[in-house]
Amino acid sequence: MKLTKARALILIAFSVPVAIELRTVAGFFNVELPLIAVAVIEFLFLALLFVLYGLYGEGSESAA
Amino acid sequence: MATASGGSEFVDKFPDEAAIVKASFLIAFVSLGIGAFFGLIQALHRTNVLRVIDSADYYTVLTGHGVLLAIVFTIFFLCGVFHWAVARSLDRPAESALFSWAWVGLMTTGTVLATVAILGGFVPNLGMSADVLFTFYAPLQAHPIFYIGLAMFIVGTWLAGADWFLSYRAWRKNHEDERIPLQTFMVLTTMIMWYVSTLGVAVSVVFFLIPWSLGLIESVNPLLTRTLFWYFGHPIVYFWLMPAYLLWYTVLPKLAGGRLFSDPLARVVFLLFLLLSTPVGIHHQYLDPGIAEGFKFIAMTNTMFLLLPSLLTAFTVVASVEHGARQRGGEGYLRWLGALPWRDPAFTGMALAGAMFAAGGFSGMINAGMNINYLIHNTLWVPGHFHLTVGTAVALTMMAGSYWLVPQVTGTKLYSRPIGLLQVIMWFVGMVFMSNAMHRAGLAGIPRRTAEPQYQNFEFLTPIGSIFELRVQIALGGTLLFLSVVLFLFNILLTSLGEESDRPVDSYLPEPLSGPEGSPRVLDNLAMWTGIAAVLVVLAYTLPLAGIIQNGGGLFGGGLPVPATVSAGFDLVATTVTSAFNTLWGVVA
């Protein structure tokens, strides 16, 4: 399945509530995540998405 | 579902109706712009990020935000959508264009009067203000112009409903044995609910609040005006939601590439909302003294029944969208989600609105539970909840739907789909930030309707994170939401100014997978359902209202006695209902 701009935007949108409530979920398992850890995880997710879009997104050679 | 307009565009076939829809949308969108600007001011003010107004003016801004968005934007948009839906599904114009313009004019005049009264709060020397919030019951008092404007607005909606019923009556003369087209069925059942529920606020405004604000009577019974407001104040939630449901049921499946899963299920859902929306208002009054706990328990039980049509909707709409995805080649348990038309802002906006509505439904169950409600009552949790429901399920659906509807009534193509897509996603992200933080702040005990929720020698605490983070999230979310509205208005303005197109949008709506043929015809018996709705309202409200009037200082408060005939009437009703209940209980036992 091609990673279009629209699909990438949707994935980014849905990553926001996950990131915001990540500390709550971690809290269920007695893991205290600092805010900076959440910011880093979200940044890594966005970077991964960016790389995937470059590899498999619209206009990339793989997608073609 | 009728598919009448598949061959030609709406604006060509029904130019008068298109003009009415455009006028309704115009007022809705102007209100959206002003209301959203007020929302930005509030979000920045109460989080102490930026304060451009005096805190005393916060309530003027809050009232403007609530009235312009929750009443004017939503209901004017509803009128536009319903006018389009009735003409389209009955395949006939309204009976009288003049009558249609009359209700548009009356609602607009009412809007202007109420807005002037609200904005007068910024000018103390004017002697005119209406800082009574969207929940405009006593003891807060507004200028009479505010109440008169609201009364005109409500009467305008009644006339709009009459317009659609007249169209239906004319259609019925030539279609005696046919089922009511689904979109018209949705409009008519919603309007019956609206007639039943607005009786409460009409009585409150006409008999109590206007005479009180004019000085014709000295006092009112505050609990009575509160109860009459909430008699209307919960069904209005469904009045906001029903145009969104109409779009989810009849337009979203088409945008997804499929068809509505079940026409009969959609009819059942709208009937359940007609029956169950009104006898639940007391669940907004769990902490009000003067209403017996038993009545509150009954209201809570009725409210939980409302989950049924909501869950039926979740099933039907998701099934319809999944069908569309599979028609587009989608496969697997979840991979079909990737086959949906995410590039289309109309589809994506409605889908995101539906997803957030699920979250709003869960927080709504917390509000509705008598015991757990005490934890979040009058806290920021409550605005967090209704920004998910009316603020996203309704508002985002209306904005997304506009990307498909506005081209139909203007005859022009949408100016920019990418901007539209960015706009709906920005709304989703902004609302995630703001609403989630509001819910969390409410759990921490931070109150709602407060300009400066910072207290000396006291700090609110959160189990995870900090109050500072929540304030930043609310401010960030509010800013994103405002920018989203700016993008929306920009896109719609340039769309309406664009060049005319022969086929601005694919307006064809396909037949449902399961049509109305196999469903019982009794579903279309509107008179019977109206009667049942009225009986449920009488059962739910007679005794509480009698108690409020008898124990709360009479009809007008202030210890004025209840006239003997009215009192005797209440006694008779109470005795009859109690006797009937005892008899029924005896039979059951």
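The values are calculated or read from the model by the stated rules, or taken from the named source; none is laboratory data. All values reported here derive from a predicted model rather than from experimental measurement. With ideal geometry, Cβ positions are generated from the backbone for all residues, glycine too; neighbour counts draw on all protein chains shown. Quick note on the areas: whole protein, heavy atoms, side chains included, nothing else; ligands and nucleic acids left out. Shrake-Rupley method; radii C 1.70, N 1.55, O 1.52, S 1.80 Å.
The stretch between residue B:53 and residue B:454, if pulled fully straight at 0.36 nm per residue, gains 142.7 nm over its current Cα-Cα span. The lysine pair count for chain B, using Cα distances under 22 Å and pairs eight or more places apart or on different chains, is 6. A full extension of the chain between residue B:513 and residue B:16 corresponds to an added length of 175.7 nm, given 0.36 nm per residue minus the alpha carbon distance. Straight-line reach from residue A:2: taking Cα to Cα under 17 Å and skipping same-chain neighbours fewer than 8 places apart, the aspartates and glutamates in range are A:58, A:61, B:331, B:344.
With every protein chain left in place, what is the accessible area per residue of the protein assembly as shown in square angstrom, probe 1.4 Å? It would help to have the intermediate numbers written out before the result.
Numbers: 27190 Å² over 653 residues.
The answer is 42 Å² per residue.
Full extension of the chain between residue B:91 and residue B:525 yields a length gain of 154.1 nm, computed as 0.36 nm times the residue separation minus the alpha carbon distance.
How high is the relative contact order of chain B, in percent, counting Cα pairs under 8 Å that sit 6 or more residues apart? Walk me through the numbers on the way to the answer.
On the way: 921 pairs, mean separation 109.5, N = 589.
So the answer I get is 19 percent.
When nucleic acids and ligands are ignored and a 1.4 Å probe is applied, residue B:11 ends up with an accessible area of around 30 Å². The listed residues B:370, B:193 rank as B:370, B:193 when sorted by accessible area, largest first, using a 1.4 Å probe.
When Cβ neighbours within 10 Å are restricted to other protein chains, what is their mean count per residue of peptide B:464-470?
Averaged over the peptide's residues, the number is 3.
Placing R0 at 30 angstrom, the Cβ-Cβ distance between residue B:292 and residue B:218 gives a FRET efficiency of 0.60 after rounding to 0.05.
Taking the average, over residues, of other Cβ atoms within 10 Å as the packing measure, peptides A:17-26, B:197-206 rank B:197-206, A:17-26 from highest down.
What FRET efficiency, computed as 1/(1 + (r/R0)^6) with R0 = 25 Å and r the Cβ-Cβ distance, is obtained for residue A:51 and residue B:355, rounded to the nearest 0.05? Don't skip to the end; give the middle numbers.
Numbers: r = 27 Å, r/R0 = 1.06.
Efficiency, rounded to the nearest 0.05: 0.40.
The residues neighbouring residue B:84, those whose beta-carbon lies less than 11 Å from its own, together hold a net charge of +1 under the Lys/Arg +1, Asp/Glu -1 convention.
The largest accessible area among B:461, B:224 belongs to the first residue in B:461, B:224, and the rest follow in falling order (1.4 Å probe, all chains).
Site pair residue B:314 and residue A:29 shows an inter-label distance of 2.5 nm when each label is modelled 7 Å from Cα along Cα→Cβ. Counting only Cβ charges, +1 for Lys and Arg and -1 for Asp and Glu, the dipole size of segment B:10-558 around its Cα centre is about 540 debye. Within the set of other residues whose C-beta is less than 12 Å from the C-beta of residue B:417, count the net charge using Lys and Arg as +1 and Asp and Glu as -1. Net charge around residue B:417: +2.
Taking B:532, B:425 and ordering them by how much accessible surface each has at a 1.4 Å probe, largest first, produces B:532, B:425. Ignoring everything but the protein chains, give the 1.4 Å probe accessible area of residue B:109 in square angstrom, nearest 10. Ignoring ligands and nucleic acids, residue B:109 comes out at about 70 Å².
Note on residue B:177: accessible area approximately 130 square angstrom, rounded to 10, probe 1.4 Å, nucleic acids and ligands left out.
Under 5 Å from the amide H of residue B:412 lie the amide H atoms of B:501, each residue being 5 or more positions distant or on a separate chain, with H modelled from the backbone and absent for Pro and chain starts. Taking the Cα centre of the protein assembly as shown as reference, the dipole from Cβ charges on Lys and Arg (+1) and Asp and Glu (-1) amounts to some 480 debye.
Filter the chymotrypsin sites (Phe, Trp or Tyr not before Pro) in segment B:419-499 down to the DSSP loop ones having no more than 14 other Cβ atoms within 10 Å, then list what survives. Intermediate results must be reported in sequence, preceding the final value.
Numbers: sites: B:427, B:428, B:433, B:455, B:458, B:460, B:468, B:482, B:488, B:490; in loops: B:455, B:458, B:460.
Here the chymotrypsin sites (Phe, Trp or Tyr not before Pro) that fit, given the DSSP loop and packing criteria, are B:455, B:458.
Along the axis of the charge dipole computed for chain B (Cβ charges of +1 for Lys and Arg, -1 for Asp and Glu, origin at the Cα centre), the listed residues B:477, B:66, B:37 are led at the positive end by B:477.
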